[in-house]
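A quick write-up on the structure given underneath.
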2 protein chains.
Amino acid sequence: MTAEVKPAALRLTERQEARRRRILHASARLASRGGFDAVQMREVAENSGVALGTLYRYFPSKVHLLVATMQDQLQHMHETLRKRPPTEAEPAARVAQTLMRAFRALQREPHLADAMVRALTFADRSVSPEVDTVSRLTTAIILDAMGLADSPTPEQLSAVRVIEHTWHSALITWLSGRASIAQVKIDIETVCRLIDLTAPAPAR
Amino acid sequence: MTAEVKPAALRLTERQEARRRRILHASARLASRGGFDAVQMREVAENSGVALGTLYRYFPSKVHLLVATMQDQLQHMHETLRKRPPTEAEPAARVAQTLMRAFRALQREPHLADAMVRALTFADRSVSPEVDTVSRLTTAIILDAMGLADSPTPEQLSAVRVIEHTWHSALITWLSGRASIAQVKIDIETVCRLIDLTAPAPAR
DNA sequence: CGAGTCACTGGAACTCGTTCTAGGCTAGCG
DNA sequence: CGCTAGCCTAGAACGAGTTCCAGTGACTCG
């Protein structure tokens, strides 16, 4: 019975787990409206039924909160993508297809995307561990799409990093209205060509 | 005589021009110490000898100010690079060399780099025109390095955009301590290979 | 010269992220 | 049963970005 909850050591009571969920939920909801600015800590606290101090105990800053929110969303996305893997044959095309799917998902909640991406790139060193987690999740998604969850070469990892860079930065230009959806698509497809350069063993 | 000053219509008095310079200078100086957080509007105002309200008349927000600071620095960089163009033979290598030079310059003032890059990626739509100027400057620098200041193909422009994405995002990961200098170098070199893919006419 | 206009000044005021304080509730333990 | 430790709440307080306002000085136009 007592062993029913798994994170006994790290994350305490399930009541606390519930609080955490409520907070993340409120955060996402507020973000879905006005974006980064609309996520106000007092509002998040109210909407999730905790005191301001408690909110800060769970997430030491607004950026921490939003990055955690992004983790949460990415996790969903990852699971969804696992269930419906890309249909293309070539690794480059598979990655492009996957990222475009993710992009379309973000388009459905542009304000939420704004809040999360802005937080991610604005994060300073104190948020590094959390940002790193997001980065690892993203890497995993891309590697999955390439069809090599393991055994990537260092060259391939570099290509994946560059793809991630492009992904984040392209999102920002889109969110700030400086690039169109079509442009983002082109950029993604362009960078995915790098994968061909670091092609699977045979091409070497 | 009266034609000596060019921006007669847009930017008024030379006294105003001087104020603007003082503000940008103060901004850069403060940024060189503590980075983004150390650039406090009240301090910038004091240090440049203008009232807070005046500072806001010149730069409608802290982000505007820092993006303008970046414009300023980029302009210097561009001129410097023009004087000492890259020595490599291949376009890809030339671009990589140029960006690594810029990177080394940023390493000399990491706090300033932090302030400028954070502002750039945090900027919202209200700063789009200014951010766009920075982007055009960066594009010009890269095209210069490739050796084709004019007549780039759409394909090449895509590659340049992707290189810019990588450049900004890689800087961020470096600034937030999540990537080493060596890693940034690798990422830059990796993305520059894209140039070979959109090679000059002959290779088509 | 006089009046109006406009940029600039000094400083108060407002917002929102963040921190701090005092007190209350719960849970385990003597 | 009463105590102690921790977590939580309500709310005040502080800091920095941003806005506002009244006043002042300079320049222009009549």
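The values are calculated or read from the model by the stated rules, or taken from the named source; none is laboratory data. Since the model is a prediction, treat every value here as computed from it, not as a measurement. A quick note on method: Cβ atoms are made from the backbone with ideal geometry, for glycine too, and the neighbour counts reach across all protein chains shown. Surface areas here come from the heavy atoms of the whole protein model, side chains and all, with no ligands, DNA or RNA. Shrake-Rupley method; radii C 1.70, N 1.55, O 1.52, S 1.80 Å.
Brief remarks follow.
- Evaluation of A:Val5 against (1) modelled with pLDDT under 95; (2) away from DNA strand C (no atom under 16 Å from the Cβ) (one fails), failing number: (2)
- Looking across the stretch A:60-73, just one residue is within 16 Å of DNA strand D (Cβ to nearest atom), under 11 Å from A:Ala115 (Cβ atoms) and open to solvent by 30 Å² or more (accessible area, probe 1.4 Å), and that is A:Lys62.
- You will find that of A:Leu52, A:Leu12, the residue that is more than 20 Å from A:Leu137 (Cα to Cα), open to solvent by 50 Å² or more (accessible area, probe 1.4 Å) and out of contact with any helix residue (DSSP H, G or I) (no Cβ under 9 Å at 6 or more places or on another chain) is A:Leu12 and no other.
- When A:Arg108 is tested against (1) touching a residue at least 40 places away in the same chain (Cβ under 8 Å); (2) more than 15 Å from DNA strand D (Cβ to nearest atom), exactly one condition is not met: (1).
- Scanning the stretch B:15-39 for residues being within 11 Å of DNA strand D (Cβ to nearest atom), open to solvent by 70 Å² or more (accessible area, probe 1.4 Å) and within 17 Å of B:Val67 (Cβ to Cβ) gives a total of 1.
The rows are residues; the columns are (1) closer than 20 Å to A:Thr133 by Cα; (2) at pLDDT 95 or above; (3) within 16 Å of DNA strand C (Cβ to nearest atom).
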{"residue": "A:Met1", "(1), (2), (3)": "no, no, yes"}
{"residue": "A:Gln16", "(1), (2), (3)": "no, no, yes"}
{"residue": "A:Ile23", "(1), (2), (3)": "yes, yes, yes"}
{"residue": "A:Ala45", "(1), (2), (3)": "no, yes, yes"}
{"residue": "A:Ala51", "(1), (2), (3)": "no, yes, yes"}
{"residue": "A:Thr69", "(1), (2), (3)": "yes, yes, yes"}
{"residue": "A:Leu81", "(1), (2), (3)": "yes, no, no"}
{"residue": "A:Ala105", "(1), (2), (3)": "no, yes, no"}
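- Which numbered condition B:Pro85 misses (of (1) within 14 Å of chain A (Cβ to nearest Cβ); (2) surrounded by fewer than 17 Cβ atoms within 10 Å (Cβ to Cβ); (3) touching a residue at least 60 places away in the same chain (Cβ under 8 Å)): (1)
- Taking the stretch A:12-128 as the region of interest, the helices (runs of 4 or more DSSP H) fully inside it that hold 2 or more residues being charged (D, E, K, R) are A:14-32, A:41-47, A:62-83, A:91-108, A:110-122.
- Among the numbered conditions (1) in contact (Cβ under 8 Å) with a residue 60 or more places away in the chain; (2) farther than 26 Å from B:Gly35 by Cβ, the only one that A:Ala115 does not meet is (2).
- Condition met for B:Trp174 (open to solvent by 10 Å² or more (accessible area, probe 1.4 Å), within 9 Å of chain A (Cβ to nearest Cβ) and of a type in the set (Phe, Trp, Tyr)): no
- Members of the stretch A:124-143 found to be within 9 Å of chain B (Cβ to nearest Cβ) and open to solvent by 10 Å² or more (accessible area, probe 1.4 Å), listed by number: A:Asp124, A:Arg125, A:Ser128, A:Asp132, A:Ser135
- Conditions (1) away from every other protein chain (no Cβ under 14 Å); (2) open to solvent by less than 70 Å² (accessible area, probe 1.4 Å); (3) within 13 Å of DNA strand C (Cβ to nearest atom); number of the one not met by B:Arg57: (2)
- Residues satisfying the stated conditions in the stretch A:32-43, i.e. away from chain B (no Cβ under 14 Å) and more than 8 Å from DNA strand C (Cβ to nearest atom): A:Ser32, A:Arg33
- Subset of the stretch A:148-171 that is surrounded by fewer than 20 Cβ atoms within 10 Å (Cβ to Cβ) and under 15 Å from A:Val95 (Cα atoms) - its residue that is nearest to the other protein chains (Cβ to nearest Cβ): A:Leu157
- Test: residue in the stretch A:120-127 that is more than 16 Å from DNA strand D (Cβ to nearest atom) and either charged (D, E, K, R) or touching an Asp or Glu at 6+ places or on another chain (Cβ under 9 Å) (or both): yes
- A:Ala113 being within 14 Å of another protein chain (Cβ to nearest Cβ), closer than 20 Å to A:Thr69 by Cβ and of a type in the set (Gly, Ala, Ser): yes
- Conditions (1) within 13 Å of the chain's Cα centre (by Cα); (2) surrounded by 13 or more Cβ atoms within 10 Å (Cβ to Cβ); number of the one not met by B:His76: (2)
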